[in-house]
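In what follows, a structure is listed as structure tokens, so that the remarks can point back to it.
The values are calculated or read from the model by the stated rules, or taken from the named source; none is laboratory data. Here the structure is a predicted model, which means the values were calculated and not measured. Quick reminder, even Gly has a Cβ in these numbers, built from the backbone with ideal geometry, and neighbours come from all protein chains shown. The accessibility values were calculated without ligands, DNA or RNA, using every heavy atom of the protein model including side chains. Shrake-Rupley method; radii C 1.70, N 1.55, O 1.52, S 1.80 Å.
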Amino acid sequence: MSLPVIGITIGYDPRRGQLHALRQDYVRAVEKAGGLPVVLAPVAEPLIAPMLDLLRGLILSGGSDVDPALYGEPPHPKLGHVVRERDDFELALTRQALARDLPILAICRGHQVLNVAMGGTLVQDIESEWSGGGAHDFDSRRDRWLRAHEVRMLPGSRIREILGKDTVGVNSFHHQAIKKLGRGLVASALSSDDRIVEAVEQPSAGFVLGVQWHPESFWSQRDGFQPLFEALVRASG
Ligand code: MN
């Protein structure tokens, strides 16, 4: 049996010259779960279908804020840097992957991209737009496997089944969050303190799951989130 090829989107920031960037944790987590990771740089729209032909599964990775124009809202003063080239690529990639029912694990920014691709909207700044919002935007230079807050998974959800417990501690490196859910998505985990949507899934799909935290940061830790990557690889087999 051939290894399931799992594509991982990659960051691109024009302010940093010609460099694409991806934390190696994504690659290691997929490798450890038994998949063959390949990184996907943004390409022009006509190349997206042939790119998807090569893949059996997809990870939408973390990164900068999504341009709010893409969900029809004006920019908030606290909006971070946006990279429209990456947004356009990932939205088209996600919509085409959904149309093919390709297994998708969407992480942090990816969880937000998935929601926007399905017609949802975002809270552009938790601190100023979500009343009672706790701390979610921890310094990204701290050890990335440190748990920052608890999330509660909904009974009967796929993520509850995969992780096998009702609550779990997660890391947190985000100042944005899901506001209105995309069509066909359901919230499957909420932050225990402030009810931020920390995970989503598409019940009608084979495997479409988003998490607001960074499960890949735990790949080398005991008791981390490898079951999420193993479930993606299994669904992509
Ligand atoms: Mn969080």
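Based on the convex hull around the alpha carbon atoms, the range 5-236 presents an average projected area of 11.6 nm². Stokes-Einstein, applied to the Kirkwood radius of the range 103-218 over Cα pairs at a viscosity of 1.567 mPa s and 4 °C, places its translational diffusion at 92 µm² s⁻¹.
How much FRET efficiency would the formula 1/(1 + (r/R0)^6) give for Ala99 and Asp193, where r is the Cβ-Cβ distance and R0 is 35 Å, rounded to 0.05?
On the way: r = 37 Å, r/R0 = 1.05.
It comes to 0.45.
Taking Arg28, Arg183, Arg222 as the candidate residues, the one with maximal mean-square fluctuation in a Gaussian network model of the chain, Cα springs under 10 Å, is Arg222.
Residues Leu114, Leu22, sorted by accessible area with the largest first, give Leu22, Leu114 [1.4 Å probe; ligands and nucleic acids excluded]. What distance in nm separates the simple spin-label points at Lys32 and Asp143, each placed 7 Å from Cα in the Cβ direction? Each label point lies 7 Å from its Cα, and together they span 1.4 nm.
From the alpha carbon centroid of the range 200-237 to that of the range 92-164 is 11 Å.
Here the Karplus curve 6.51 cos²θ - 1.76 cosθ + 1.60, taken at θ = phi - 60°, turns the phi angles of the range 217-229 into couplings of 5, 9, 4, 9, 9, 6, 6, x, 10, 4, x, 5, 6 Hz, with x standing for Gly and Pro. Within the accessible area of the range 5-236, the carbon and sulfur atoms contribute 51%, probe 1.4 Å, all protein chains present. Adding -39500 (n - 2.57) for every DSSP H run of four residues or longer, then dividing by how many residues the chain holds, sets the calculated 222 nm ellipticity at -7000 deg cm²/dmol. Result for the chain in a Gaussian network model with C-alpha springs under 10 Å: among Val200, Val116, Val82, the largest mean-square fluctuation is at Val82.
Can you give the local net charge around His175? Use residues other than it whose beta-carbon is closer than 13 angstrom to its beta-carbon, Lys and Arg +1, Asp and Glu -1. Write out the running numbers ahead of the final one.
Values: positive: Lys78, Arg109; negative: Asp65, Asp125, Glu127, Glu129, Asp137, Asp139.
Residues close to His175 contribute a combined charge of -4.
In units of the rule-of-thumb radius 2.2 N^0.38 Å, the range 173-217 shows an alpha carbon radius of gyration of 1.16. Accessible area per residue for the range 30-117 is 39 Å², calculated with a 1.4 Å probe on protein heavy atoms, without ligands, DNA or RNA. Quote the relative contact order of the chain in percent (integer), defining contacts as alpha-carbon pairs under 8 Å separated by 6+ residues. Computed value for the chain: 22 percent relative contact order.
Starting from the Cα-Cα distance between Ser2 and Asp53, subtract it from 0.36 nm times their residue separation and give me the gain in nm to one decimal.
Details: separation 51, 0.36 × 51 = 18.36 nm, distance 1.51 nm.
Taking 0.36 nm per residue and subtracting the Cα distance, the gain is 16.8 nm.
Here's the picture: charge each Lys and Arg Cβ at +1 and each Asp and Glu Cβ at -1 in the range 1-146, and of Gly133, Trp145, Pro46 the one pushed furthest to the positive end of that dipole is Trp145. Counted residue by residue at 0.36 nm each, then reduced by the alpha carbon distance between them, the extension gain from Ala69 to Gln18 reaches 15.8 nm. Tally Lys and Arg at +1 and Asp and Glu at -1 over the other residues with C-beta under 15 Å from the C-beta of Gly156: what net charge comes out? With Lys, Arg at +1 and Asp, Glu at -1, the net is +1.
Build a GNM of the chain with springs between Cα atoms under 10 Å apart, and of Arg15, Arg23, Arg195 the one that fluctuates most is Arg15.
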